[in-house]
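Worksheet for the structure shown next.
The values are calculated or read from the model by the stated rules, or taken from the named source; none is laboratory data. None of the values given here were measured: they were computed from a predicted structure. Cβ placement follows ideal geometry from the backbone for every residue including glycine, while neighbour counts extend to all protein chains displayed. With ligands, DNA and RNA removed, areas are computed over all heavy atoms of the protein, side chains included. Shrake-Rupley method; radii C 1.70, N 1.55, O 1.52, S 1.80 Å.
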Amino acid sequence: MHRVMLVIGTRPEAIKMAPVARALLSARDFSLHLCTSGQHREMLHQALALFHLHPDADLEAMQPNQTLNGLMQAMIGALDIELDRVSPELVMVHGDTATCFAASLAAFHRHIPVVHVEAGLRTGDLQSPWPEEAYRSLVARLAVRHYAPTTSARDNLVAEGITPARIRITGNTVIDALTWMSATLAEAHYVPGASSPLRQMRHHAPLVLITGHRRENHGQAMASICDAIARLAERYPDTDFVYPVHLNPAVKDVVSERLGGIVNVLLVPPQDYRDFVWLMGRATLILTDSGGIQEEAPSLGVPVLVMRQHSERHDALAAGTVTLVGSASDDIVMAVSRLLDDPEARRHMSSRANPYGDGHAAATIVNDLRDWLSPGPGAAHG
């Protein structure tokens, strides 16, 4: 059996890699060792549990008030011990997190092949998003197999000198996760439980769903975003603005101070993936700085406004399913108002096809891994 060590550290990684983990577990020729770094804790484990997954090891590398250098040091040290204990045939990582880079470097130092899922995303600016742009670019130099979600991601890798034979276009695994969860919710006629803060939402009110947490938006940008939300809430009193607030004090403290007490702004704790998919399905539009939501929401027919200066999801921008609005208060208010006031503008965005695949990315990845690892004339050892 091929022993695969899959390393994740954050809630988005858990959601996006859950379909791959499930596909590996169901394959008779693979043995999966699921390792979490501890970069996120409660949110990550909640996400895994929704997909009936439980980690084989938790490295508990995250500590309070830890610097990125301190986190990297702790993760690489803990990963080195785990790699020695497990002796995997390959290490699989996802995306652009500190965990992704640390696991790739630790494996590379031990001459263990690195496989990178969601490879090839680029903004071309090392400061935006920071530090993620650097992490994903560095992982590309260490990985031996690259699973690019789209043609443009593949083209980015080829332009950087990655041998085309090492790259496969798979679609994005988050669409696999979304498809599975949406079907599960529909079959169960799901609504959040009676104790959920989401039950405070008005049943027939339009919904603007908000997420914002990226480091590039900390400080003045977060204050500007909150100012825009407050202005919009006053302008549209019959609309609910629901904000699952990230636990990072740099986000939580600013949001609570500036938006707490506004009657139609509902500040709630981070929601598990099940309730968040339910929220996305109900949303009139989504205002976010998240990368994953740019990929998911178009499959649900929900327009996305991105509160960033740059986006590595170029395919979504080209398809017209998302629009960059930045973090300036006036720009956010103008963009949201246009979509709330103009049903045709919403329809134009929501009717565009999602460029991130058909929900079969995990099967494509596992089948390619099998071909690549298997000896013989048909093996793809590029």
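Between the alpha-carbon centers of the range 199-244 and the range 330-350, tell me the distance in whole angstrom.
A separation of 15 Å, based on Cα centres.
Size of the dipole of the chain about the Cα centre, Lys and Arg at +1 and Asp and Glu at -1 on the beta carbon, nothing else charged, in debye to 20?
340
Rounding to the nearest 10 and keeping the result within 0 to 90°, find how far the Cα-based axis of helix 132-142 lies from the longest principal axis of the chain.
Helix 132-142 sits roughly 10 degrees off the main axis of the chain.
Can you give me the long-range amide H partners of G38? Hydrogens built in the peptide plane at 1.01 Å from N, cutoff under 5 Å, separation of 5 or more residues or another chain.
Correct list: L59, E60, A61.
Leaving out ligands and nucleic acids, and using a 1.4 Å probe, what accessible area per residue does the chain come to in Å²?
That works out to 41 Å² per residue.
When only C-alpha pairs under 8 Å and at least 6 residues apart count, what is the relative contact order of the range 1-88, in percent?
Reported as a whole number, the value is 29 percent.
Report the label-to-label distance for R202 and H111 in nanometres (one decimal), using points 7 Å from each Cα along the Cα→Cβ vector.
Simple spin-label model gives 6.7 nm for this pair.
Using a 7 Å offset from the Cα along the Cα-to-Cβ direction at both W130 and H54, what is the distance between the two label points in nm, to one decimal?
Using points 7 Å along Cα→Cβ, the separation is 4.2 nm.
Could you give the spread of the C-alpha atoms of the range 65-121 along their three principal axes, from largest to smallest, in whole angstroms?
Per principal axis, max minus min of the Cα coordinates gives 34, 31, 14 Å.
What net charge do the residues around Y273 carry, taking every other residue with its C-beta under 11 Å from that of Y273, with Lys and Arg at +1 and Asp and Glu at -1?
With Lys, Arg at +1 and Asp, Glu at -1, the neighbours total 0.
Quick one: which residues, 5+ away or cross-chain, put their amide H under 5 Å from the amide H of V268? H built at 1.01 Å from N.
Correct list: Y243, V245.
With everything on Cα atoms, drop me the angle between helix 329-341 and the longest principal axis of the chain, reported from 0 to 90° to the nearest 10.
80
For N172, what charge total do you get from the other residues with a beta carbon under 11 Å from its beta carbon, if Lys and Arg give +1 and Asp and Glu give -1?
-4
At q = 0.11, 0.14 Å⁻¹, what is the log10 ratio I(q)/I(0) for the chain, with the Debye formula run over Cα points and no solvent?
-0.76, -1.24
Restricting to Cα pairs below 8 Å that are 6+ residues apart, what does the relative contact order work out to for the chain? Please round to a whole percent.
The normalised contact order for the chain reaches 15 percent.
How would you classify the range 106-158 from its alpha-carbon gyration tensor, with a ≥ b ≥ c the square roots of the eigenvalues: rounded for a/c under 1.5, else prolate if a/b is greater than b/c, otherwise oblate?
Oblate, because a/c is 1.5 or more while a/b does not exceed b/c.
Would you mind classifying the range 1-120 by shape? Square roots of the alpha carbon gyration tensor eigenvalues, ordered a ≥ b ≥ c; an a/c under 1.5 is rounded, otherwise it is prolate if a/b is larger than b/c and oblate if not.
oblate
Please list 241-249, 299-307 highest first by mean number of surrounding beta-carbon atoms within 10 Å per residue.
299-307, 241-249
What FRET efficiency comes out for the pair L25/D371, r = Cβ-Cβ distance, R0 = 25 Å, nearest 0.05?
My answer for the efficiency is 0.85.
Calculate log10 I(q)/I(0) of the range 251-382 for q = 0.16, 0.21 Å⁻¹, where I(q) comes from the Debye formula with a single equal point scatterer on each Cα and nothing for solvent.
Values, matching the q order: -0.91, -1.34.
Compute the angle between helix 68-86 and the longest alpha-carbon principal axis of the chain, please, reported from 0 to 90 degrees and rounded to the nearest 10.
40
Karplus couplings for the range 170-185 from phi (6.51 cos²θ - 1.76 cosθ + 1.60, θ = phi - 60°), rounded to Hz, Gly and Pro as x?
Once rounded to whole Hz, the list reads 10, x, 9, 5, 5, 5, 4, 5, 5, 4, 5, 5, 4, 5, 4, 5.
Assign one of three labels to the range 38-180, namely rounded, prolate or oblate, based on the Cα gyration tensor with a ≥ b ≥ c the square roots of its eigenvalues; rounded applies when a/c is under 1.5, prolate when it is not and a/b is larger than b/c, and oblate otherwise.
Rounded shape, in that the Cα axes give a/c under 1.5.
Just to confirm a number: summing +1 for Lys and Arg and -1 for Asp and Glu over residues other than P244 whose beta-carbon lies under 14 angstrom from that of P244, what do you get?
Residues close to P244 contribute a combined charge of -1.
If each of D358 and N248 carries a label point 7 Å out from its Cα toward its Cβ, how far apart are those two points in nm?
It is 3.7 nm.
List the equivalent ellipsoid semi-axes of the range 201-315 in whole Å, largest first, each obtained as the square root of 5λ for an eigenvalue λ of the Cα gyration tensor.
19, 19, 13
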